[in-house]
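Take a look at the structure set out below.
The values are calculated or read from the model by the stated rules, or taken from the named source; none is laboratory data. Computed from a predicted model, the values in this text were never measured in an experiment. Virtual Cβ from ideal backbone geometry, glycine too; neighbours counted across all protein chains shown.
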Amino acid sequence: MNETRSAAILLPNANYYGTLAAMRSLGRAGVRVMTVDPLRICHGRFSRYSSQHLICPPYENSSAWAEWLLMQARTGPRRAIYATSDAVSFALARYRDELSADFDLYQPSLETIMSILDKGLLMQNAQAVGIETPPTWFPENSTEAARLAKDAGRTVLIKPRSQLAQRTGTKGTVVKSCDQPVQAIFDSYMRDYAADTEFVKQSSVAMTPLVQKYYPEAINNVYSLSGFREKISGGMVLRAARKVLQQPRRIGTGLGFEPAPVDPFLAEQAKRLCERIGYYGVFEMEFILAEGRAMLIDFNGRFYHQIAFDVARGLESPALAYAAATGNQADVTRLMASGNSREQEDVAGFCNRFILTTMVNMQRIFRTMSSNDAACWLHWANGSDGQMVDAIKDPNDALPAFVDVGQNLIHFLRHPRAFFKQYALERVQARVERA
């Protein structure tokens with residue numbers, strides 16, 4: 001291991017898999033990592049690479065969280081900090097000027113971050129540079145939403161215009177416009193909006209959900225383009241993956257990914273979008289591949305869920321973010337050159353093996369999955385096609401995985417009905433082999 005670097009880094013969201021992956025990547029490189037979270041029990045806290053765990057205010061309370069950071073700065077040396085979630089990204093952008101006096105940041109402006117977090121603005125900017133997006137409508141009320149859904153004559157997706165506008169963090173609801181209560185679902189999102197947050201005060205239109213055409217291909221044919229964009233030169237280093245499994249099944253967080261080639265056309269479009277909105281740093285863009293088109297559905301301007309997959313394939317995004325934040329341009333240049341020159345070819349996929357095997361075994365018990373499909377998924381998760389990267393399990397950093405299992409068991413005991421519905425009764429599609 002390298003000698004410890006001089007500046008430590010604060011990593012929030014210590015219970016996120018992307019944060020844990022960044023901790024391990026930076027810790028192996030000799031960077032001192034401090035975890036930050038409102039929760040005392042987080043799997044990241046128990047990583048061998050967490051030198052200290054700090055309890056902070058909720059990220060959604062941006063002003064209190066920023067003030068807490070400034071108080072920490074008064075009692076210690078200068079440290080770096082990087083965005084690990086939408087809420088953290090917004091807070092760092094909102095208070096960038098104040099925080100940059102005491103912290104090393106690599107943080108785009110508030111205007112840039114709002115162009116990402118507000119899906120209405122994201123789609124406008126994407127379309128302006130020629131990126132396709134799914135047909136989307138922005139109704140002002142539930143009556144208009146029901147009419148638009150009926151006119152669409154198909155299955156639609158009702159989802160928040162921004163995750164930060166909701167208290168519960170629901171990704172969205174798939175409804176058949178002809179026979180489900182669109183108005184009731186739309187109104188439930190309106191009642192759930194986080195009225196007292198700085199984000200909603202910054203963008204009141206974001207509290208109104210949107211209606212979007214739903215593509216069944218979202219289940220297992222989402223193309224992820226991820227990487228790092230350098231601020232000075234605008235240069236990029238990229239990796240691509242295909243999301244093959246998500247939870248919940250129809251719209252949810254990626255549970256399984258396979259490597260994919262970087263599409264030169266989409267890479268150029270991603271570059272143009274970043275240039276237009278002024279984005280730099282670590283990012284992930286998601287495209288639905290359907291009807292012969294690639295349609296942008298999301299842009300994550302922060303560390304993302306499957307970042308360990310990219311690290312294993314030669315793209316050290318966390319190290320790039322750290323080097324850029326601390327002003328080490330030589331390391332930025334070296335890491336970008338290394339990332340662009342090689343990609344590990346023997347990495348077959350990424351998954352959370354514990355969650356996947358739990359889901360498969362429960363669906364076999366409840367006969368919602370065939371034995372052939374179960375065997376296929378388990379062989380894949382166990383590395384039958386090559387090296388698998390696990391979302392949390394690491395033989396050199398074992399404790400976080402045990403904590404994660406415990407947290408999942410506690411969740412099951414507290415919410416048994418939701419657990420059975422999601423793990424046992426919601427069918428996982430057969431794994432499709434790709435050429």
Among the residues of segment 125-145, is there at least one that is charged (D, E, K, R) and under 20 Å from the mean Cα position of the chain (by Cα)? no
Within the bounds of segment 41-55, is there any residue that is more than 22 Å from the chain's Cα centre (by Cα), surrounded by fewer than 19 Cβ atoms within 10 Å (Cβ to Cβ) and modelled with pLDDT under 95? no
Unique match (being over 26 Å from Asp394 (Cβ atoms), in contact with a strand residue (DSSP E or B) (Cβ under 7 Å, 6 or more places away or on another chain) and not acidic (Asp, Glu)) among Ala73, Ala8, Ala66: Ala73
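Residue by residue, here is whether (1) surrounded by 15 or more Cβ atoms within 10 Å (Cβ to Cβ); (2) among the small types (Gly, Ala, Ser) holds:
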residue: Gln306; (1), (2): yes, no
residue: Gly314; (1), (2): yes, yes
residue: Asp331; (1), (2): yes, no
residue: Arg342; (1), (2): no, no
residue: Cys351; (1), (2): yes, no
residue: Ile355; (1), (2): yes, no
residue: Thr358; (1), (2): yes, no
residue: Arg364; (1), (2): yes, no
residue: Asp397; (1), (2): yes, no
Within segment 373-401, the count of residues that are in contact (Cβ under 8 Å) with a residue 24 or more places away in the chain and assigned to a helix (DSSP H, G or I) comes to 8
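Quick grid of which residues meet (1) closer than 23 Å to Leu10 by Cα; (2) modelled with pLDDT of 85 or more:
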{"residue": "Ala319", "(1), (2)": "yes, yes"}
{"residue": "Gln329", "(1), (2)": "yes, yes"}
{"residue": "Glu343", "(1), (2)": "no, no"}
{"residue": "Asp394", "(1), (2)": "yes, yes"}
{"residue": "Gly406", "(1), (2)": "no, yes"}
{"residue": "Arg414", "(1), (2)": "no, yes"}
{"residue": "Val432", "(1), (2)": "no, no"}
{"residue": "Ala435", "(1), (2)": "no, no"}
Taking segment 350-385 only, how many residues are at positive phi and in contact with an Asp or Glu (Cβ under 9 Å, 6 or more places away or on another chain)? 0
Of the conditions (1) surrounded by 18 or more Cβ atoms within 10 Å (Cβ to Cβ); (2) in contact with a helix residue (DSSP H, G or I) (Cβ under 8 Å, 6 or more places away or on another chain), Tyr189 clears all except one; give me its number. (2)
Residues to consider are Ala218, Ala194, Ala206; find the one that is buried (at least 16 other Cβ atoms within 10 Å of the Cβ), over 21 Å from Pro108 (Cα atoms), within 20 Å of the chain's Cα centre (by Cα) and in contact (Cβ under 8 Å) with a residue 40 or more places away in the chain. Ala218
Here are the criteria: (1) modelled with pLDDT under 95; (2) surrounded by 20 or more Cβ atoms within 10 Å (Cβ to Cβ); (3) of a type outside the set (Ser, Thr, Tyr). Tell me which single one Gln269 does not satisfy. (1)
If you go through segment 326-335 one residue at a time, do you hit one that is in contact with a Lys or Arg (Cβ under 7 Å, 6 or more places away or on another chain), within 30 Å of Met34 (Cβ to Cβ) and in a helix (DSSP H, G or I)? no
Only one of Ser233, Ser226 is among the polar types (S, T, N, Q) and not in a strand (DSSP E or B), namely Ser233
Looking at Phe186, Phe199, can you tell me which residue is closer than 30 Å to Tyr106 by Cβ and at pLDDT 85 or above? Phe199
